[in-house]
1. How big is the equivalent ellipsoid of the stretch 64-210 along its three axes, where each semi-axis is √(5λ) from the Cα gyration tensor, reported in whole Å from largest to smallest?
2. Looking at (1) 125; (2) 145; (3) 159, which value of volume of the Cα convex hull per residue in Å³ comes from a calculation on the structure shown?
3. What does the net charge come to around Gly293 if you take all other residues with beta carbon closer than 14 Å to its beta carbon, with K and R at +1 and D and E at -1?
4. To the nearest 0.05, what FRET efficiency results for Lys72 and Asp336 with a Förster distance of 22 Å applied to their C-beta separation?
5. Could you name the lysines whose alpha carbon sits less than 22 Å from that of Lys38, not counting residues in the same chain fewer than 8 places away?
6. So what's the stretch 288-370 giving for Rg/Rh, alpha carbon basis, Kirkwood Rh from the mean inverse pair distance?
7. Once R0 is set to 30 Å, what does the formula 1/(1 + (r/R0)^6) return for the Cβ-Cβ distance between Ile217 and Ser131, expressed as a FRET efficiency to the nearest 0.05?
8. Rank-order 32-41, 272-281 by packing density, defined as the average count of other C-beta atoms within 10 Å over each peptide's residues, highest first.
Amino acid sequence: MVSESVKLLLTGDVMTGRGVDQILPHPSDPVLYEDYVKSALDYVKLAEDAHGPIPRRVPYECIWGDALDELKARDLDFRLINLETAITSDGIPEPKGINYRMHPANIGVLTAARIDACVLANNHMLDWGVSGLNETLETLERAGIAAVGAGRNQRDAMAPLVRQLAGNRRIVVFAYGSTDSGVPYHWAAGENAPGVNVLSDFSDRTAADIADRIQAIKRSGDVVIVSIHWGSNWGYEIRAAHRRFAHTLIETGVVDVIHGHSSHHARVCEVWRGKLIMYGCGDLINDYEGITGYEVYRDDLGLMYFPEIDPTNGQLIALEMAPFRIRRFRLERAPDHDVTWLAETLSREGRQVGTGVEMINTGRLRLTWK
């Protein structure tokens, strides 16, 4: 272990809206505008049909379940999630079919896990329009949770998150939402218009532009994370364009971690020139319990990722992963057979990028690489 290493929590999608919001102390109006489901309470019923009754008005800690013990056991410098829901009681639903929101009074579900920052550059952040985004930003700000990847104008949406750590170390996060993950281009923030930081392509020119922005503020001791909402929801194949883009960013010498998300299940991680690339962190919290059709991917299993980074060179020292299973909208320790399935699946798929996953103590996983 390197002295003064930087220890992170990174997760994929945390979706505390819709059905999950309905069991929290301050549920939103459950009315939905989906083709087949017209009430968020129907998602609660689907989960109950699958695994039994779910209490209502549960404490905020309940959603995190066993994951809170995992967090308490670790000395973490920074906790970053992709927040996959607007936090609003206002707004007009975008005509996109699926609209997520959590009531602002339920912000305690994020503070319960001591989340430091939320990535907002994703395909659900403007589900309830500009007013919904503005209320999300206001709610996070009041709660002391930083936001990155969306803002009240283009400058704010593009601005990095900078968090000072002990000594001369800093965490620097740049966040982007790619159009290939379903982020509409018209959601892009304008000079005087709220929106998200949209990534329209994976060209070398775009990678160079990102590197230039990082270089302008990067200093010795910084750990730089580029967080990208990209790609499809399902499948293990890594798009060639994503891999090339990630490699190019790493090769600029100013990026240390690529934090990729959008997939509903865990995809492989790669270590390129000593730096961590996460192609799809999978969902950690959602209300998909009981929905059928993609069981082969086991989207009921989520991972908390705990990379340890050497701030002197940005290289990955170790990556541990804690597996959890969603049951009745609560995270519980994944049983041994599910942990084994995750290790075998991610090792099998990881061969394409030279990584594997091994089981270690008490149901946790560790990344291996050549």
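1. Taking √(5λ) for each eigenvalue gives 25, 21, 14 Å, largest first.
2. (1)
3. Numbers: positive: Arg298; negative: Glu289, Glu295, Asp299, Asp300.
Overall, the nearby charge balance is -3.
4. 0.50
5. List returned: Lys96.
6. With Rg and the Kirkwood Rh in hand, the quotient comes to 1.02.
7. Numbers: r = 31 Å, r/R0 = 1.04.
The formula returns an efficiency of 0.45 here.
8. So the peptides 32-41, 272-281, ranked by packing, come out 272-281, 32-41.
Taken together, the values in this text are just the output of simple stated rules run on the coordinates, not laboratory data. Since this is a predicted model, take the numbers as computed values, not measurements. Note: ideal-geometry Cβ built from the backbone for every residue, glycine included; neighbour counts use all protein chains shown.
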